[in-house]
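Read the structure below first, then the notes.
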Ligand SMILES: *Cc1c(COP(=O)(O)O)cnc(C)c1O
């Protein structure tokens with residue numbers, strides 16, 4: 001698949017570096033400055049747009065949004081203060097009391113809490129579909145206004161293509177909303193494949209350095225007006241300095257993703273040959289249930305990989321303690337390799353049997369592979385496997 005070129009025909013790496021850059025004038029800065037100001041002088045007559053950072057129209061917002069719009073290939077794009085605030089704005093932009101959200105069962109924990117605890121209090125009901133392209137049509141209701149899924153799920157990396165959901169959504173007049181945090185525009189064209197709104201935690205791959213918390217919603221102009229209103233009214237504006245850091249991170253996104261994709265494939269292939277590892281979950285391996293679709297439609301499988309140790313939970317506890325390069329920490333999509341055990345983090349509320357029923361076996365460890373040398377990563381994992389016994 002194409003990585004997406006825009007009207008000017010330039011490639012995604014060029015656009016990641018240059019879109020939204022300052023005008024080339026003698027004495028002008030090469031890099032956009034930080035507009036660390038909450039407010040801007042207004043026309044005393046009240047004419048023109050009122051600029052105010054909380055309204056989301058600080059120049060740092062506008063410039064990073066132009067870059068993101070270009071990378072994601074969407075009509076409009078909005079940055080917010082976190083991935084979860086982007087999800088709140090996206091969903092509230094589409095639903096009101098009495099509406100129904102139909103969501104994939106495997107969802108980011110924060111999104112699950114948002115649906116089950118918060119939106120339910122506002123009279124917005126949610127129900128869930130197990131992983132299958134056919135399940136959506138049967139589960140859709142008359143008042144369904146959103147079909148919600150993630151491109152690659154956590155922690156099994158199951159792949160859902162918006163193209164499979166869009167026809168069902170059109171039948172009932174619902175919007176297709178995708179969380180594409182695991183697959184930025186370099187790896188998958190989520191919007192072009194039929195999502196109406198694409199949400200990202202930019203805290204992850206877009207920022208890319210574990211040093212900025214931010215969110216993104218991209219999508220169709222008519223829906224984006226409502227999404228931007230919700231973000232403004234609920235106060236989800238991104239701080240200008242964070243917007244600037246995000247812009248800086250995006251410049252290297254295509255370069256970083258190339259390395260994440262290479263490391264993902266190299267480490268997953270290596271891991272699948274280690275006797276202590278019972279299973280490797282990675283969409284780039286032909287043992288993965290969605291390998292065929294992922295290979296056809298993704299431009300890279302990314303840096304997220306999960307493994308199951310034969311030694312079970314005791315072995316995985318010893319294993320993560322023995323890692324030296326890879327660090328135990330939540331979050332993902334950064335230059336450094338991070339690991340987490342879902343039974344202690346995202347799936348802590350479930351019993352062992354409930355986790356097994358969801359396909360998360362014992363000794364399960366999730367990796368967010370960084371951009372280090374693959375040989376150093378495999379050496380670190382090998383050493384920790386030996387230590388785990
Ligand atoms: C991290 C994450 C979020 C939430 O993003 P924050 O920036 O932490 O608010 C949402 N969806 C997915 C898939 C994530 O990994």
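A short reminder: the numbers here are calculations on the coordinates, not readings from a lab. Source: prediction; values computed, not measured. Glycine gets a Cβ as well: all are built from the backbone with ideal geometry, and neighbour counts include every protein chain shown.
Going by average Cβ neighbours within 10 Å, how do the peptides 288-298, 345-355, 183-193 rank, with the highest at the top?
Top of the packing list down: 183-193, 288-298, 345-355.
Return the ratio Rg/(2.2 N^0.38 Å) for the stretch 260-389, where Rg is computed over Cα atoms only.
0.99
Return 305, 24, 257, 224 ranked ascending by Cβ neighbour count within 10 Å, so the fewest neighbours appear first.
On the way: 305 25, 24 7, 257 28, 224 22.
In increasing order of surrounding Cβ atoms, one gets 24, 224, 305, 257.
Please work out the C-alpha center-to-center distance from the stretch 198-231 to the stretch 247-311 and express it in whole Å.
24 Å
Between Rg and the Kirkwood Rh of the stretch 102-203, both from Cα atoms, what is the Rg to Rh ratio?
Radius of gyration relative to Kirkwood radius: 0.94.
Viscosity 1.306 mPa s, temperature 10 °C: Stokes-Einstein D of the stretch 205-311 from its Kirkwood Cα radius, in µm² per second?
95 µm²/s
How far is helix 162-172 tilted off the main Cα axis of the chain, in degrees rounded to 10, range 0 to 90?
60 degrees
DSSP beta bridges in the stretch 39-170, what fraction antiparallel, as a percent rounded to 5?
20 percent
Need one number: nm distance between label points at residue 273 and residue 141, each 7 Å from Cα along Cα→Cβ, rounded to one decimal.
So the label points at residue 273 and residue 141 sit 5.2 nm apart.
Suppose R0 equals 35 Å; then what is the FRET efficiency for residue 209 and residue 344 from their Cβ-Cβ distance, rounded to the nearest 0.05? Before the final figure, lay out each step's value.
On the way: r = 25 Å, r/R0 = 0.70.
Taking R0 as 35 Å, the efficiency between residue 209 and residue 344 is 0.90.
From the alpha carbon gyration tensor of the chain, can you work out the equivalent ellipsoid semi-axes (sqrt of 5 times each eigenvalue) and give them in Å, largest to smallest?
35, 26, 19
May I ask you to compute the full-extension gain from residue 97 to residue 118, defined as 0.36 nm times their residue separation minus their alpha-carbon distance, rounded to one decimal in nm?
Stretched fully, the residue 97-residue 118 segment lengthens by 6.4 nm.
Regarding the stretch 35-108, what whole-number volume in Å³ per residue does the convex hull of its Cα atoms give?
Enclosed volume per residue, from the Cα hull, is 153 Å³.
Please arrange 49, 72, 142 by how many other C-beta atoms lie within 10 Å of their C-beta, fewest to most. Show your work: numbers first, answer last.
Details: 49 10, 72 26, 142 7.
If I rank by nearby Cβ atoms, fewest first, I get 142, 49, 72.
In Å, what is the Rg of the alpha-carbon atoms in the stretch 325-389, and how long is Dmax?
13.2, 37
What is the projected area of the convex hull of the Cα atoms of the stretch 1-156, averaged over all directions, in nm²?
14.2 nm²
Give, in nm to one decimal, the length gained when the segment between residue 26 and residue 42 is fully stretched (0.36 nm per residue of separation minus the Cα-Cα distance).
Numbers: separation 16, 0.36 × 16 = 5.76 nm, distance 2.74 nm.
So the chain would gain 3.0 nm between residue 26 and residue 42.
Among DSSP bridges having both ends in the chain, what percentage is antiparallel? Round to the nearest 5.
Values: 24 of 43 bridges.
Bridges in the chain are about 55 percent antiparallel.
Which whole-percent values make up P(r) of the stretch 230-293 when all C-alpha to C-alpha distances are grouped in 10 Å steps starting at zero?
With 10 Å bins starting at 0, P(r) equals 18, 27, 21, 22, 11, 1.
With each run of n ≥ 4 DSSP H residues scored as -39500 (n - 2.57), what mean residue ellipticity at 222 nm is computed for the chain after dividing by its residue count and rounding to the nearest 500 deg cm²/dmol?
Mean residue ellipticity at 222 nm (helix-derived): -10500 deg cm²/dmol.
Can you sort 55, 41, 35 from fewest to most other Cβ atoms within 10 Å of each residue's own Cβ?
Ranking 55, 41, 35 by Cβ neighbours within 10 Å, fewest first, gives 41, 55, 35.
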